Every structure is written in C-alpha cells, then in structure tokens.
Amino acid sequence: MLLEGQLPWPSCRVMDCGGKRSATPLWPAATVSIHRLVPPSESAVVASLCRRSPKSPVRPLTPHPLLVAANSALAGVTLQRSTKRMSDAQKFRIGVLGSGKGSNFVAIADAIRAGQVPAEVAIVLSDVENAGILERARERNIPARFIAPGKFRTKLEDEAEAAFVAALRETKVDLVVLAGFMRIIKSGLMNAFPNRIINIHPSLLPSFPGLEAWKQALDHGVKFTGCTVHFVDAGVDSGPIIGQQTVPVLDDDTPETLHQRIHTAEHELYPKCVAAIARGEVEVRGRRVVGKLR
Ligand code: GRF
C-alpha cells in the first residue's frame, strides 16, 4: 500500500488486487449517476456527472451539492453544462488497461459484439509489450498500444502515466476498465478520470482484498468465494461494489482449480457491470451502488 502525496484528494492509498494495482479517489458521500463522460477539457467535471447517455432512459438528475462544491474547489472549472456529447449518437467508450492475457477484456469485447453491452472498446493499453491482451485486441481490430512503463517495477513513471492519460483522453473514453493491470495508478490517471475507473477482484469483497485472493479464500476455509466489480477508490479493493458473483469452494479444490472457476465467473460478471454503467443504470449513493445488472 502506498500513499500518493500532493493530491487534491485527502489521501490516496494504492491497492494490489489479485495481482493488479490501482487506486483512484471517490467523492465522499456523493450521489452521482454513472453515465457518459467528456474529458474535463471539454466540459466541467460536474456537468459530466449530470448527463445521461443518449441511449439511456431519460431521468432528470441533479448533482449532489457536495459533489458540486467538491468539484468546483478541486477542478477549478466553470460549472457549465456541455451539450457536445449529449447531442451525438456516439457510443459509450471504454478504455481497457491490462498487463496479462486479457481474458476479461475478451469477455467484454465478445459481449459487446453480441449486442449485450451498448459500448465500444475505444482502446486497449498495456504496460507489457507482448501482453496477450494487446494481441487479443488487434485480432479484433481494436486499437491497442504498448506504453513503456519506465524504470519502476510496480508503478508507472510519471511520463508513462501521462502517456496513458493522453491516450485515454485522445480516444475520449467514458470509462476506464482495469482488467489485470499490474501497475500502480497514480494521481495523473485518477485526476483525469475521477469516478470513472472500475476494477475486478477475484474474491467477494470486502473479504480477501489484495494478492492471490483465491488462495486466501482457500486457506481461510470459506465455502463460497467469487468475484467483485467495484469502483476504484482511495482504499485497498474498497470502492463501492457494482456487482458480485459467487463461486462455491469445493472439497478437492486447489488454488488453481478455484482460480479458474473464479475467472469464469469474472467473464460473466464484468460485461454485465460495464453494460449497466454504459446504459446509465448505475447510481452511486455513498457506499452503495444501486442499479440492476442484467
Ligand atoms: C483477473 O483474475 C482479475 O481478477 C485480476 O486480474 C486478472 C486478469 O486476468 N484483477 P485476465 O488478464 O483478464 O485474464
């Protein structure tokens, strides 16, 4: 766990979830609806949190006063509503970050192709040049880029992080989806996409945060474990939970067999969560995320 200094957020702890490390701030106690987003350069952050996708059911939304105040102080931007992305028919755009084989990315991409997720993968980025996730993306004609992480082992160098942010901004992503990304995400990315980063963790949080969650579950002797999709916040695998799926622990399970079944559950759960967000059907009320996964 690391502390990111000099952030506009009170503090920012960094987690390592099932081999992935990331962190982002979350507005405290704010009630927001998650839907389309334009980069802060295009409109106020608050405005972006108040809009709904053109494809989403129309429901008037008002930003929580805390959110308005916090955004105003923090972002130093004029709180004006942008209509640029409201009027077009552009799909909800996601950017996927991964370091590994990319099976969760494949599950999301396949669900999109099957019409189950009203979104498009705008870009796939990896800190590993030969990562399977890049190959899987290229096979699908999805823009895929390796960005050299720099000299550190567990975190991105500032320049590298800036390159990730630039790539995500250039492709105008609405949501950042972490799918096995093995680097700590620092303030640059967090500030660029507040409340717009989600992650999947291989346990039923809040049980077994951190590394090798499936092994933790097995060692602890629980009868059920599973996976959790959550917004990334300042804690360790502690952000508001969007969805969970259970997996029974069998008497003859090994870490490998259990991990494999959790992976299968992840491939069902992650696309559903992305779909709910893309449809604007997810609302964050403090710790609780309200909305139906289907
Ligand atoms: C998943 O098991 C997920 O829980 C963890 O990283 C793994 C990524 O696997 N955060 P893949 O690259 O999507 O196959």
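The values are calculated or read from the model by the stated rules, or taken from the named source; none is laboratory data. Please read all numbers here as calculations on a predicted model, not as lab measurements. Cβ sites come from the backbone with ideal geometry, for glycine too, and all protein chains shown count toward neighbours. Each accessible area value is taken on the protein alone, full model and side chains, heavy atoms only, with ligands, DNA and RNA left out. Shrake-Rupley method; radii C 1.70, N 1.55, O 1.52, S 1.80 Å.
Placing a label point 7 Å from the Cα of Gln90 along the Cα-to-Cβ line, the residues of the stretch 111-125 whose backbone N sits under 14 Å from it are 120-123. Here the stretch 215-283 and the stretch 169-192 have alpha carbon centers that stand 20 Å from each other.
Applying 0.36 nm per residue to the separation of Gln116 and Ser207 and subtracting their alpha-carbon distance, the gain on full extension is 29.8 nm. For the stretch 174-201, backbone nitrogen atoms closer than 16 Å to the point 7 Å from Thr264 Cα along Cα-to-C-beta are found at no residue. Sequentially through the stretch 210-220, phi angles give Karplus couplings (6.51, -1.76, 1.60; θ = phi - 60°) of x, 6, 6, 4, 5, 6, 4, 5, 4, 4, 6 Hz, Gly and Pro residues having no value and appearing as x. For the stretch 92-291, the convex hull spanned by the alpha carbon atoms encloses 116 Å³ per residue. 3J(HN,Hα) couplings calculated from phi for the stretch 249-257 with the Karplus curve 6.51 cos²θ - 1.76 cosθ + 1.60 (θ = phi - 60°) are, in sequence order, 9, 8, 4, 9, 5, 10, x, 5, 5 Hz; Gly and Pro show x.
Summarising the amide proton neighbourhood of Gly243: residues at separation of 5 or more, or on other chains, whose placed amide H is nearer than 5 Å comprise Val229.
Taking every protein chain into account, the accessible area of the stretch 136-294 amounts to 43 square angstrom per residue (probe 1.4 Å).
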